[in-house]
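The values are calculated or read from the model by the stated rules, or taken from the named source; none is laboratory data. As the structure is a prediction and not an experimental result, all values here were calculated from the model. With ideal geometry, Cβ positions are generated from the backbone for all residues, glycine too; neighbour counts draw on all protein chains shown.
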Amino acid sequence: MPKSFVGGCACGAIRYDVSGEPVVMLDCQCRQCQHDSGTGHASHIAFRNADVTVSGKASFWISVGDGGTVKRRAFCPTCGASVYMTFPERPEQFSIAAASLDEPELYSPQFTLWTDAGQPWDRPDPALPHFARMPPAG
């Protein structure tokens, strides 16, 4: 039986349900993810947008990453929790904040990226591949 990727914000005003399997699970140490998470990295799970159903009304803010990627970050206007991220230039992709899962133990990172921006007090798991910036395409 496939895993169920269900979750939402801290107060429950925004909920999502994913019917497909993850495309990738990763930790990102870029400065934007540090600001968004309030700590040294953010943990993301990417899915196909077509596999995700969202209920509730999110607020959004747009940012542009160091590599030029435009990110539309969704957060709850009631509790302020970061919930998901979409990418206007890649509408097929939908990324959830791993901590927003009802069962966060389903998260298992495959690699860490943007370690060049990492903080000395937040070291990536040495058992995982890590990349100074974005990993090579492929």
Seminar exercise, completed: Quick count over the range 116-131, residues being exposed (fewer than 14 other Cβ atoms within 10 Å of the Cβ) and within 14 Å of residue 26 (Cβ to Cβ), is 3
For this session: With the condition kept exactly as written, say whether any residue in the range 26-44 is within 14 Å of residue 3 (Cα to Cα), modelled with pLDDT of 95 or more and buried (at least 18 other Cβ atoms within 10 Å of the Cβ).
Result: no
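For the range 108-133, how many residues meet the condition of being hydrophobic (A, V, I, L, M, F, W, C), assigned to a loop (DSSP other than H, G, I, E, B) and in contact (Cβ under 8 Å) with a residue 12 or more places away in the chain? Talk me through it step by step, then tell me what you get.
Start the filter on the range 108-133 by keeping residues that are hydrophobic (A, V, I, L, M, F, W, C), which leaves 111, 113-114, 117, 121, 127-128, 131-132.
From the residues that got through so far, the ones that are assigned to a loop (DSSP other than H, G, I, E, B) too are 114, 121, 127-128, 131-132.
From what is left, the residues that are in contact (Cβ under 8 Å) with a residue 12 or more places away in the chain are 114, 121, 128, 131-132.
Summing the residues that are hydrophobic (A, V, I, L, M, F, W, C), assigned to a loop (DSSP other than H, G, I, E, B) and in contact (Cβ under 8 Å) with a residue 12 or more places away in the chain in the range 108-133 gives 5.
Filter the range 98-107 down to residues that are in a helix (DSSP H, G or I) and not hydrophobic (A, V, I, L, M, F, W, C) and give me whichever is surrounded by the fewest Cβ atoms within 10 Å (Cβ to Cβ).
105
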For this session: State whether one or more residues within the range 7-21 are among the hydroxyl-bearing types (Ser, Thr, Tyr), surrounded by 15 or more Cβ atoms within 10 Å (Cβ to Cβ), under 14 Å from the mean Cα position of the chain (by Cα) and over 27 Å from residue 128 (Cα atoms).
Result: yes
Exercise. Given the range 1-96, what strands (runs of 3 or more DSSP E) lie entirely inside it while holding 2 or more residues that are under 26 Å from residue 122 (Cα atoms), among the small types (Gly, Ala, Ser) and without any contact (Cβ under 8 Å) to a residue 60 or more places away in the chain?
Worked result: 42-48
Exercise. Any residue at all in the range 37-51 that is farther than 18 Å from residue 135 by Cβ and among the aliphatic types (A, V, I, L, M)?
Worked result: yes
